[in-house]
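Notes to accompany the following structure.
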């Protein structure tokens, strides 16, 4: 009778461990969309000053806010729980989307149009896009590294909380 009782305890214990794995996977699947991206905000400013001899100087100041989203494509994320290990394979973090909005425009008078040295109108949107591209090129490797680090911290804490060993790999 004792042997039957011990056998029953072992079987139910194994069944509870399997349910725990399923609950962990459900938690991860629920959290991954929030972990899978990192939002970076940049402030962009364009200023133009035109001195006038008779009346006050003309100026044009435009501020944009650009939000760049980095992260993982969810279709490429692979997660599994087996034999006390949490296996996670993440794709290389990449730029997902960019959202740029004009925050404010300040001018001396509404009809003022900034001109270049040749007297041609300046394409302010092109200037702002160029500045954003420069900023992204400068900071993108740091942002991708930060995305990896935050993902590693999340999955390490999750595995530790559930008593699992983490096997995390990034596809490059």
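How far apart, in nanometres, would the label points at residue 113 and residue 85 be if each is projected 7 angstrom from Cα along the Cα-to-Cβ direction?
Between residue 113 and residue 85, the simple spin-label model gives 6.6 nm.
Roughly how many nanometres apart are two label points built 7 Å out from the Cα toward the Cβ at residue 69 and residue 106?
So the label points at residue 69 and residue 106 sit 3.2 nm apart.
Quote the FRET efficiency, to the nearest 0.05, computed for residue 157 versus residue 30 with a Förster distance R0 of 22 Å and r equal to the Cβ-Cβ distance. Spell out each step's value before the answer.
On the way: r = 15 Å, r/R0 = 0.70.
The value I calculate is 0.90.
In the range 62-172, what % of DSSP beta bridges are antiparallel (nearest 5)?
Percentage antiparallel, nearest 5: 75.
A short reminder: the numbers here are calculations on the coordinates, not readings from a lab. These numbers were taken from a predicted model, which means no experiment stands behind them. Cβ sites come from the backbone with ideal geometry, for glycine too, and all protein chains shown count toward neighbours.
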